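The values are calculated or read from the model by the stated rules, or taken from the named source; none is laboratory data. These numbers were taken from a predicted model, which means no experiment stands behind them. A quick note on method: Cβ atoms are made from the backbone with ideal geometry, for glycine too, and the neighbour counts reach across all protein chains shown. To get the accessible areas, we keep the full protein, side chains included, count just its heavy atoms, and leave off ligands, DNA and RNA. Shrake-Rupley method; radii C 1.70, N 1.55, O 1.52, S 1.80 Å.
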Amino acid sequence: MDMTADRAWTGCVFIGVSLDGYIAKPDGDLAWLTDPAPRDHVVGTADRPALEWETFYPTVDALVMGRATYDTALGFDTWPYTGKDVIVLSTTAEPDERVRLARSLDDVRAQLDALGARRVYVDGGRTIQSFLAAGLVDEITVAVAPVLLGRGHRLFGDLDRDVLLTLRGTHATADDGLVRMTYAVTRA
C-alpha cells in the first residue's frame, strides 16, 4: 500500500548496520556499533559526504520509532530526544509523557500532520520496513560497520517490490571505520 500522496513531511532513515545487513544481534545488543574495537582504518574522503548524526539530527523535528527501539531508548541514562516530537508505533507500549503513542501507520500520519512535521526521523527495523512498504521513506542514510554478525535483526527484510535509490553522498571515517551512504528514494 503506497501512502505517499498528500503529506507535507519527509520520511528519513538514519541507521547503522553490519556489513552483512544486521541492525542488532539476536538479543538486541548494539555494542558492536556503539563501542567498536579500535583498529587502524583508512580515511575515506568524498566531494559529497553522507550525512552524519551531527548534520542529520538537528534537521528533524519529529521521530517515529517502534516498540523495541523505544524500549532501548528507555534504557539510556538520559532521554536522547528532548526537544523533538516522538511518536512510538506500538499496540502495547504504555503511555509516557515524553512520547505520543500511535497504533497504526494511519495514526502516525495523522499525528505527524497535526504536529505540522516537516522532516521525520524513522527508526527501528520493523518501523523502517513498514514505512518503506507504505512509500513513506524519502531518504536513507546507512552507516555500514566493519563487522560481520552472522545473525540478528535484519535492516530491510523482504520487500514486495524494488525500491530504487539515488546516491546523494558517501564517505568513510577512520576513527570507527564506518562507511556512510545517503540515498534519496527514487519515485517512479
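Just a few scattered comments:
- When Ala93 is tested against (1) of a type outside the set (D, E, K, R); (2) modelled with pLDDT of 90 or more; (3) surrounded by fewer than 19 Cβ atoms within 10 Å (Cβ to Cβ), only condition (2) is not met.
- In the stretch 91-109, the residues that are farther than 14 Å from Thr127 by Cα, part of a loop (DSSP other than H, G, I, E, B) and not hydrophobic (A, V, I, L, M, F, W, C): Thr92, Glu94, Pro95, Asp96, Glu97, Arg98
- Just one of the listed residues (Thr10, Thr59, Thr55) is closer than 26 Å to Arg187 by Cα, in contact with a Pro (Cβ under 9 Å, 6 or more places away or on another chain) and polar (S, T, N, Q), namely Thr55.
- The criterion of at least 3 residues that are aliphatic (A, V, I, L, M) is met by the following strands (runs of 3 or more DSSP E) wholly inside the stretch 111-188: 139-145, 165-172, 179-185.
- Within the stretch 124-150, considering residues that are out of contact with any Asp or Glu (no Cβ under 9 Å at 6 or more places or on another chain) and open to solvent by 20 Å² or more (accessible area, probe 1.4 Å), the one farthest from Ala62 (Cα to Cα): Val144
- The stretch 79-94 residues that are within 9 Å of Met65 (Cβ to Cβ) and of a type outside the set (A, V, I, L, M, F, W, C), paired with ones that are part of a loop (DSSP other than H, G, I, E, B) and open to solvent by less than 50 Å² (accessible area, probe 1.4 Å) (beta carbon under 7 Å, 6 or more apart): none
- Subset of the stretch 29-86 (residues that are at pLDDT 90 or above, touching a Gly at 6+ places or on another chain (Cβ under 9 Å) and of a type outside the set (A, V, I, L, M)): Asp61, Gly66, Arg67, Thr69, Tyr70, Asp71
- Members of the stretch 157-186 found to be touching a Phe, Trp or Tyr at 6+ places or on another chain (Cβ under 8 Å), surrounded by 14 or more Cβ atoms within 10 Å (Cβ to Cβ) and either touching a residue at least 60 places away in the same chain (Cβ under 8 Å) or β-branched (Val, Ile, Thr) (or both), listed by number: Arg168
- Of residues in the stretch 9-28 being more than 23 Å from Asp160 (Cβ to Cβ), at pLDDT 90 or above and among the small types (Gly, Ala, Ser), the one farthest from the chain's Cα centre (by Cα): Ser18
- Flag: Leu115 matches the condition of being open to solvent by less than 80 Å² (accessible area, probe 1.4 Å), in contact (Cβ under 8 Å) with a residue 40 or more places away in the chain and either within 21 Å of Asp175 (Cβ to Cβ) or over 14 Å from the mean Cα position of the chain (by Cα) (or both).
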